Amino acid sequence: MKIEWYPGHMAKAKRQIAEVLPKIDVVIEVLDARLPLSSANPMLEKLRGGKPCIKVLNKSDLADTGITSSWVAYFNQLQGVRAIPVDARNRSAVSKIPALCRRLVPRRGVPGKTLRAMVVGIPNVGKSTLINTLAGKKMARVGDRPAVTTCPQQVDLRNGIHLADTPGLLWPDIRNQKSAFRLAASGAIGEGGMDYLNVAHFAAEYLMTHYPEQLAKRYHLTEWPVSASALIEQVGRKRGCLIAGGEVDRLRASELLLREFRAGMIGRISLERPGSPDNEVPRQ
């Protein structure tokens with residue numbers, strides 16, 4: 001099954017970002033630390049031109065620490081780009097972002113010269129949580145499903161920095177289906193655009209290849225499954241996802257596996273690594 005998801009409000013978001021960008025000094029792009037390339041919006045690179053950009057690798061508490069460090073080094077090599085790993089709920093980590101903005105735009109953020117930053121990111125990546133933590137209070141709606149923010153807003157941080165919040169954007173034609181499945185596994189794609197069985201199979205296969213020890217520990221695997229399908233079967237049996245006749249309810253087992261991955265219950269896991277041949281994403 002091919003994954004395609006492009007809610008109508010996202011076309012409007014693209015126009016809103018294009019309208020606001022000329023007045024912006026620095027772009028704060030919120031990415032999922034577990035899949036920094038797949039969770040980036042390729043059209044943003046074209047829209048922002050030469051404006052400085054901070055890549056906020058959110059949910060770093062769920063990602064593989066070593067791989068996240070490699071991503072930070074990767075992004076810091078790019079012209080006008082700086083990367084920082086955070087858990088958007090952690091005020092201490094997030095508090096470093098304003099100083100980073102000022103370093104990228106040293107003549108703004110001082111009395112009489114407001115520094116204007118725009119926060120962008122795909123749905124469910126943690127934009128609203130980041131803004132609320134920066135502001136020190138609830139300024140933006142937060143949810144555990146995609147597309148919670150649906151209209152732009154301005155936030156005065158009262159430290160010389162103004163934030164422009166925008167709705168989430170997601171690439172409308174995900175031609176690299178591996179990127180699409182990573183997004184679906186992470187929870188960035190709405191339920192209407194994915195099939196739990198297929199996405200769980202993708203996630204199971206990846207976890208078996210790259211994180212076998214975490215899998216074995218989480219699900220107490222004494223016999224290693226021969227396939228992703230067999231892993232889902234074992235998970236279902238161990239967690240009581242059964243139907244009449246003792247058969248495994250594969251849908252429930254798939255949902256459970258994805259839910260526990262997203263919550264970090266299997267361990268700190270990254271779905272992308274710098275330099276991987278699977279990382280290609282479409283460009284506008």
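The values are calculated or read from the model by the stated rules, or taken from the named source; none is laboratory data. This structure is a prediction, so every number in the text was calculated from the model and none was measured. As a convention, Cβ positions derive from the backbone with ideal geometry for all residues, glycine included, and neighbour counts pool all protein chains shown. To get the accessible areas, we keep the full protein, side chains included, count just its heavy atoms, and leave off ligands, DNA and RNA. Shrake-Rupley method; radii C 1.70, N 1.55, O 1.52, S 1.80 Å.
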In sequence order, what are the phi-derived ³J(HN,Hα) couplings for region 87-98 according to the Karplus relation 6.51 cos²θ - 1.76 cosθ + 1.60 with θ = phi - 60°, rounded to whole Hz, with x for glycine and proline? 10, 4, 7, 8, 4, 4, 5, 5, 5, 7, 5, x
Residues with beta-carbon under 11 Å from that of G66, excluding G66: net charge, scoring Lys, Arg +1 and Asp, Glu -1? +1
Phi-derived 3J(HN,Hα) across region 219-233 with the Karplus relation (6.51, -1.76, 1.60, θ = phi - 60°), rounded Hz, x for Gly and Pro, is 10, 6, 7, 9, 10, 6, x, 7, 7, 4, 4, 5, 5, 4, 4
For R273 the rounded accessible area (nearest 10 Å², probe 1.4 Å, non-protein molecules ignored) is 80
Residues with amide H under 5 Å of D64's amide H, sequence separation 5 or more or different chain, H placed in the peptide plane at 1.01 Å from N; which? I269, S270
Using only the alpha carbons of region 49-104, determine the length spanned along each of the three principal axes and report them from longest to shortest in whole angstroms. 31, 23, 15
Could you give each residue of region 63-70 its phi-based ³J(HN,Hα) in whole Hz, using Karplus coefficients 6.51, -1.76, 1.60 with θ = phi - 60°, and x for Gly or Pro? 9, 5, 4, x, 5, 4, 4, 5
Within the set of other residues whose C-beta is less than 14 Å from the C-beta of Y196, count the net charge using Lys and Arg as +1 and Asp and Glu as -1. -1
Total formal charge among the other residues, if their Cβ is under 12 angstrom from that of R82, Lys/Arg +1 and Asp/Glu -1: +3
